[in-house]
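Notes for the one structure printed next.
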Amino acid sequence: MKNAKRRDFIKGAAIGAATLAGGSALALASAPDPAEPAPHPVRRIVTGHDAKGRSRFIMDGEPPLARQRMPGSVIVTELWLTPMTPADNSGTAETAAGPLRLQPPADGSVFRIIDFPPEEQHRIALSQEIAAGDNGSGVVTALKEGSAGRTAGFHRTNTIDYVVVISGEIYALMDEGERLMRSGDVLVQRGTSHAWANRSKKAARLAFILIDAKPAV
């Protein structure tokens, strides 16, 4: 049952990615499974209020889409988005179903989970993504601007990011230096040029909260 859920999850990720990229969902979804098992789906619980103002649970389950552009790429699961600050906590509308965007909206925020495959697998996928061009998310554009003359994957966003390692381990790379992060470690990233390198043999799962910010440099 667990393996079936994993297969469904990665298939859904592939279909969502192909739709965003304008490619063939069938071709991506039927690609061979990577050697590393797909990460288990994220369960998301969202709260809200009823008509009388009483607190209640309004959502409980997997978010609308997990996106993986191609086999070997990271899997991005969007959990919630706010289009303004202060955020509007009224209503029950889904906010994470729209197309993937690297940066949150102006004055807004985005909460996402990213699963990073081992570095060798990820490096190949990065090269393929860059060659394929940007799909509207802004990811490839940022990668092309940030990786000139450096390790593929360097980029920056005009945000302040709160990053938590949920499982596995990963290296956070800066222009100067790197740090190994393990489960439970936290990074406060302040608009810096950075990249990620999972040098282990297992996938690493990280939680990201990106909040719109002024450019640091």
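Things to note:
- In the range 151-174, the qualifying residues are those that are of a type in the set (A, V, I, L, M, F, W, C) and closer than 19 Å to residue 212 by Cβ, and the one that is surrounded by the fewest Cβ atoms within 10 Å (Cβ to Cβ) is 160.
- Considered as a group, the residues in the range 189-206 that are farther than 20 Å from residue 145 by Cβ and small (Gly, Ala, Ser) include one that is surrounded by the fewest Cβ atoms within 10 Å (Cβ to Cβ), and that residue is 200.
- Here 148, 106, 142, 125 are screened, and the one residue that is on the phi < 0 side of the Ramachandran plot, of a type in the set (A, V, I, L, M), exposed (fewer than 13 other Cβ atoms within 10 Å of the Cβ) and modelled with pLDDT under 95 is 148.
- Which numbered condition residue 1 misses (of (1) at pLDDT below 50; (2) surrounded by 13 or more Cβ atoms within 10 Å (Cβ to Cβ); (3) not aromatic (Phe, Trp, Tyr)): (2)
- Each residue in the range 182-217 was checked for being within 19 Å of residue 121 (Cβ to Cβ) and in contact with an Asp or Glu (Cβ under 7 Å, 6 or more places away or on another chain), and 8 pass.
- Complete set of residues in the range 51-72 that are modelled with pLDDT of 95 or more and surrounded by 20 or more Cβ atoms within 10 Å (Cβ to Cβ): 63
- Residue match in the range 175-188 (condition: outside any helix (DSSP H, G or I), surrounded by 15 or more Cβ atoms within 10 Å (Cβ to Cβ) and among the β-branched types (Val, Ile, Thr)): no
- So residue 193, is it farther than 14 Å from residue 74 by Cβ and without any contact (Cβ under 8 Å) to a residue 40 or more places away in the chain: no
- Checking residue 95 against (1) assigned to a loop (DSSP other than H, G, I, E, B); (2) surrounded by 13 or more Cβ atoms within 10 Å (Cβ to Cβ); (3) over 18 Å from the mean Cα position of the chain (by Cα), the condition it does not meet: (3)
- Residue match in the range 99-111 (condition: more than 17 Å from residue 204 (Cβ to Cβ), of a type in the set (Phe, Trp, Tyr), in contact with a Ser or Thr (Cβ under 8 Å, 6 or more places away or on another chain) and outside any loop (DSSP other than H, G, I, E, B)): no
- Residue in the range 146-153 that is touching an Asp or Glu at 6+ places or on another chain (Cβ under 7 Å) and touching a residue at least 40 places away in the same chain (Cβ under 8 Å) present: no
- Residue check for residue 209: surrounded by fewer than 19 Cβ atoms within 10 Å (Cβ to Cβ) and assigned to a strand (DSSP E or B): yes
- Among the candidates 191, 177, 168, the residue that is under 18 Å from the mean Cα position of the chain (by Cα) and more than 25 Å from residue 41 (Cβ to Cβ) is uniquely 191.
The values are calculated or read from the model by the stated rules, or taken from the named source; none is laboratory data. Computed from a prediction, not measured in an experiment: that's the story for all the values here. Cβ: placed from backbone, ideal geometry, glycine included. Neighbour counts: every protein chain shown.
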